[in-house]
1. Cα to Cα, under 16 Å, and not fewer than 8 places away if on the same chain: which lysines meet these conditions relative to K95?
2. Sorted by accessible area (1.4 Å probe), largest first, how do E103, E169 line up?
3. Please give the FRET efficiency for E108 paired with A40, using the beta carbon to beta carbon distance and R0 = 35 Å, rounded to the nearest 0.05.
4. At a Förster distance of 41 Å, what's the computed FRET efficiency of K49 paired with E193, Cβ-Cβ distance as r, to 0.05?
5. Short version: what are the Cα gyration tensor semi-axes of region 42-121, square root of 5 times each eigenvalue, largest first, in whole Å?
6. How long is the gain from T181 to W86 if the chain were fully straight, where each residue apart is worth 0.36 nm and the alpha carbon distance is subtracted?
7. Of the beta bridges DSSP finds with both residues in region 45-194, what % are antiparallel, to the nearest 5?
8. With all protein chains present, calculate the accessible area of H121 using a 1.4 Å probe and round the result to the nearest 10 Å².
Amino acid sequence: MLHTVRSRAVSQLARRAQASARRTYATIPNDRQELNDPNAPKDVPNVSKTNELPIESVHSSSALQENVQDAEERRVSQAPNRKSVWSRSQNLRSKAMAGPRFEQTIMEAQPAPQSAITLIHQQPVHWTHERTVSCDGGGGPLGHPRIFINTDKPQICMCTYCGLPFANEHHRKHLESLPTTAYPLAPQGKASEVPESQQITSEALGQR
């Protein structure tokens with residue numbers, strides 16, 4: 001009798017502990033964010049004030065020195081051309097670049113790649129007279145599997161692999177009448193634009 005009561009009490013305590021753990025570490029699908037975490041980490045600046053002191057460098061004639069406030073702004077920004085995240089499953093840069101590994105790092109001297117999702121939306125629209133176009137990213141090792149894109153609808157149709165935009169000439173007036181478009185309708189002369197000589201080619205090993 002005593003053994004039965006004891007085993008019953010142990011099983012109840014185990015079920016309560018499992019339920020509490022599920023509540024503590026419940027997550028949102030496709031978001032990876034913990035909910036109701038009683039021990040959530042505090043948002044503490046990860047830039048050391050030691051970097052304010054001038055440090056000699058063998059690679060530069062001037063001493064390395066950094067302002068803590070400016071360094072913290074660079075650390076938490078996602079990219080030079082993008083302030084926020086662009087995917088629900090993406091960690092903030094302030095969360096990813098945390099810990100002793102980044103405390104003594106001078107953020108100004110670190111690489112800061114630009115966001116590709118912003119760069120691709122600077123590519124001008126490829127106009128076509130065909131109802132269907134194909135895109136392989138330029139072919140060769142830098143390309144992607146060839147897909148076919150319908151341009152029947154009066155909208156900008158982008159490649160689902162590389163994001164290059166296409167549109168039919170029959171819909172040019174309609175697209176030009178819109179107040180804004182996701183892609184520029186004509187080249188803007190920006191450095192991020194793919195040169196005309198390196199755009200989609202029909203060569204087997206052509207590059208974009």
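The values are calculated or read from the model by the stated rules, or taken from the named source; none is laboratory data. Note that the structure is predicted; figures quoted are calculated from it, not measured. Cβ: placed from backbone, ideal geometry, glycine included. Neighbour counts: every protein chain shown. The accessibility values were calculated without ligands, DNA or RNA, using every heavy atom of the protein model including side chains. Shrake-Rupley method; radii C 1.70, N 1.55, O 1.52, S 1.80 Å.
1. The reachable lysines, counting only those whose Cα sits under 16 Å from K95, are K42, K83.
2. Most to least solvent-accessible, the answer reads E103, E169.
3. Given R0 = 35 Å and the Cβ-Cβ separation, E is 0.70.
4. Efficiency, rounded to the nearest 0.05: 0.45.
5. 26, 16, 9
6. Once the chain is fully extended between T181 and W86, it gains 32.3 nm.
7. That works out to approximately 75 percent antiparallel.
8. Only protein atoms counted, so the area is about 70 Å².
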